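Inspection log for the structure reproduced underneath, given as structure tokens.
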Amino acid sequence: MNTANLSPFRRTIVGVQFLFVAFGATVLVPLLVGLDPATALFTAGIGTFIFHFVTKGKVPIFLGSSFAFIAPIIAASKQWGMPGTLAGIIGVSLVYFLMAALIRWQGKKLLDRLFPPVVIGPVIILIGLSLSSSAVDMAKTNWILACISLSVAILVLSLGKGLIKLVPVVCGIVAGFIVAICLGEVNFDKVAAAPWIALPPALSDFQLPQFAWEPFLFMIPVAIAPVIEHIGDVYVVGAVAQKDFTKEPGLHRTMLGDGLACLAASFFGGPPVTTYSEVTGAMSITKITQPQVIRISAFTAIVFSVIGKLSALLQSIPQAVLGGIMLLLFGTIASVGIQNLIQNKVNLNQTRNTIIISVTLTIGIGGAILNWGDFAMSGIGLSAIVGVLLNLILPKEKEKTEE
């Protein structure tokens, strides 16, 4: 099938599927920090449209609630309250804007210097592997449901034909959801109580953020990790789509788009948004990388945010069902990182390359945390910075040639 010429109906089906992939994480973040899930869906949709407008509609990326800000938002809300904390997200946008300006000024040579394949490869691997624990935690709530959704998705992906082959995630989720209903694992009370139409609090109770310097300064260093993760995700999407989005429309535009989306999220009272590896994994599996499909996902997110019963129904999907799907998607992301190292012919016989990859992966997978007062950095952000520093510090070895 030529996925470049999908019919409008098939684009819609795949676009809704991509939202299913991102839905669990998008609504989980606000639930953990005390925000409304409908607002998160609304700001994810609006943020994605802003991103696509800034990037000329060329980059197939979906923006959703960022896990990197769960702990900072919880900590900041205890000190300055949720309105002040959300205003602090403006500081996150500032970091994106400064990075976009720096890249615009220095061009791609700065990227090649700071983020060569030997750094980007392991970071991409970590983007997948670092999320694997979340997938397992979701799946282990009911391994039967997780295995059913995973098995159906794999069977559809391997044996499916035509339209069915394009929606392995939806098939897996539907199968797992039906079995969950039969096992009595689904509670429909909230669905029955939910109204048909209900504006998210972002619209029904709109309030301007209460700006304060303290949460603003608190959030700035936290943004380093998602900014670096953004760069890795843009490379991942480029590898999946077989295009270099750092050249066209340019990494400065993707960075600016993400920053403006975070700024919009702060004004509407939603969590900061970031590029979603889950959707990238789904694109890698389905081989569909059309930006129009992602915009359908964004529009669907906005629609779901105002349809009360539909939003409640989606929230009733057991975590184990979504976890089973994530087991497949996150591993796919890690494999893209391995492909990146192979395609760029990174020489693992060079000691410096082995050191960079080994230390980056160990710090990221091992869960190392760097504390400095109230500031803490861990995960992908910390390991990526370590990888960049090692690449800059370690002397380059001369390539050995045989005569």
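The values are calculated or read from the model by the stated rules, or taken from the named source; none is laboratory data. Just so it is clear, the model here is predicted, and its values are computed rather than measured. Here Cβ is always computed from backbone atoms with ideal geometry, including for glycine, and neighbour counts include all displayed protein chains. Accessible surface is based on the protein model in full, side chains and every heavy atom, while ligands, DNA and RNA are left aside. Shrake-Rupley method; radii C 1.70, N 1.55, O 1.52, S 1.80 Å.
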Who wins for biggest fluctuation among Gly367, Gly57, Gly184 in a Gaussian network model of the chain, springs between alpha carbons below 10 Å? Gly184
Just to confirm a number: summing +1 for Lys and Arg and -1 for Asp and Glu over residues other than Ser134 whose beta-carbon lies under 12 angstrom from that of Ser134, what do you get? -1
Set Lys and Arg Cβ to +1 and Asp and Glu Cβ to -1, take the dipole of the chain about its Cα centre, and tell me which of Asn340, Ile393, Phe304 lies farthest positive. Asn340
All-pairs Cα distance distribution in the range 275-367, expressed in whole percent, bin size 5 Å: 2, 10, 13, 16, 18, 13, 9, 7, 5, 3, 1, 0
Cβ-defined net charge surrounding Gly324, 15 Å radius [Lys, Arg +1; Asp, Glu -1]: -2
Suppose every Lys and Arg Cβ carries +1 and every Asp and Glu Cβ carries -1, with no other charges. What dipole size does the range 252-403 come out with about its Cα centre, to the nearest 20 debye? 280 debye
Suppose R0 equals 35 Å; then what is the FRET efficiency for Trp105 and Arg352 from their Cβ-Cβ distance, rounded to the nearest 0.05? 0.80
Gain in span if fully extended, Ile144 to Lys247, counting 0.36 nm per residue against the direct Cα distance: 32.6 nm
Over the range 121-178, how many percent of alpha carbon pairs lie in each 5 Å bin up to the one with the longest distance? 4, 19, 19, 19, 18, 15, 5, 0
Where Rh is the Kirkwood radius over Cα pairs, Rg/Rh for the range 1-158: 1.00
Computed label-point distance, nm, for sites Asp189 and Leu155 using a 7 Å Cα→Cβ extension: 3.4 nm
The range 261-403: relative contact order in percent, alpha carbon pairs under 8 Å with at least 6 residues between: 17 percent
For the range 27-117, what is the relative contact order in percent, using Cα pairs closer than 8 Å and at least 6 residues apart in sequence? 20 percent
Two-decimal ratio, the range 90-203, of alpha-carbon radius of gyration to 2.2 N^0.38 Å: 1.63
Label-zone membership for the range 297-326, site Phe53, 7 angstrom Cα→C-beta point, backbone N under 18 Å: 297-303
Taking a 19 Å limit on the Cα-Cα distance, which of the listed pairs Lys58/Lys247; Lys165/Lys309; Lys345/Lys396 fall beyond it? Lys165/Lys309
Can you give the convex hull volume of the alpha carbon atoms of the chain per residue, in Å³? 152 Å³
With every protein chain left in place, what is the accessible area per residue of the chain in square angstrom, probe 1.4 Å? 44 Å²
At 222 nm, what value in deg cm²/dmol follows for the chain if DSSP H runs of at least 4 each add -39500 (n - 2.57) and the sum is divided by all its residues, to the nearest 500? -23000 deg cm²/dmol
Give the Rg (one decimal place) followed by the Dmax (whole number) of the range 51-118, computed from C-alpha coordinates and expressed in Å. 15.9, 42
Cα-Cα separations in the range 249-403 greater than 25 Å, expressed as whole percent: 52 percent
Taking the Cα centre of the chain as origin and charging only Cβ (+1 Lys, Arg; -1 Asp, Glu), how large is the dipole, in debye to the nearest 20? 980 debye
Compare the peptides 41-47, 85-91 by average per-residue count of other Cβ atoms within 10 angstrom and give them in order, highest first. 41-47, 85-91
